[in-house]
Amino acid sequence: MKASQSYQALLAGLLLLNLLVGCQPKPVPSIADQLGRVWQAQTVKEGDLLVYTLGGSGNVKPGYINFRLDLSQPGVVKLKDIDGRLLTGTWTVSTDNRRLLLSGLNPRPTNTDGSIDYYIVEVPTTTSLKLERTAESRKTGNSLNQYGLIPE
């Protein structure tokens, strides 16, 4: 009977080991991987006012057609905002994956230290990125802007 008990203990141990190894979480692509592309504006809200919709004929601010957020190079950002001015710098994602941080922007945006931060409103996908500025934009009348972005 001892051999039978040893055999059962061995089987139970192997079964437990198989469960532990088989239940390892699968690696999830980082948010940074999802962001690495060139984004264009699909919708833009300045405060509570929808001012731009891609393809819309009655856009209050049609200049957003030129908006580009280029995150295609790891750590390197190129931002073309509503005024068409190209800013370059670096980008990172906060450790909690809730903010996109642009820093070292040149030329430096007005009334900033060279940084623009965005809340990541929804988990990004390869086809959609929803951002909201963490601080008011002087360019748009001191509004907090929300961007619905799609790949270029």
Residue check for L129: in contact with a Phe, Trp or Tyr (Cβ under 7 Å, 6 or more places away or on another chain) and more than 19 Å from G89 (Cα to Cα)
yes
Answer yes or no as to whether L11 is farther than 20 Å from R99 by Cβ, under 21 Å from the mean Cα position of the chain (by Cα) and at pLDDT 65 or above.
no
Please go through the stretch 123-152 and pick out each residue that is in contact with a Gly (Cβ under 9 Å, 6 or more places away or on another chain), over 19 Å from Q34 (Cβ atoms) and not in a loop (DSSP other than H, G, I, E, B).
T140, S143, N145
Meets criteria (closer than 17 Å to E136 by Cβ and over 10 Å from the mean Cα position of the chain (by Cα)) for D96
no
Residue selected from the stretch 124-152 under the condition touching a strand residue (DSSP E or B) at 6+ places or on another chain (Cβ under 9 Å) and of a type in the set (V, I, T), by the criterion surrounded by the fewest Cβ atoms within 10 Å (Cβ to Cβ)
T127
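The values are calculated or read from the model by the stated rules, or taken from the named source; none is laboratory data. These figures come from a predicted structure and were not determined experimentally. Neighbour counts run over all protein chains shown; Cβ positions are idealised from the backbone, glycine included.
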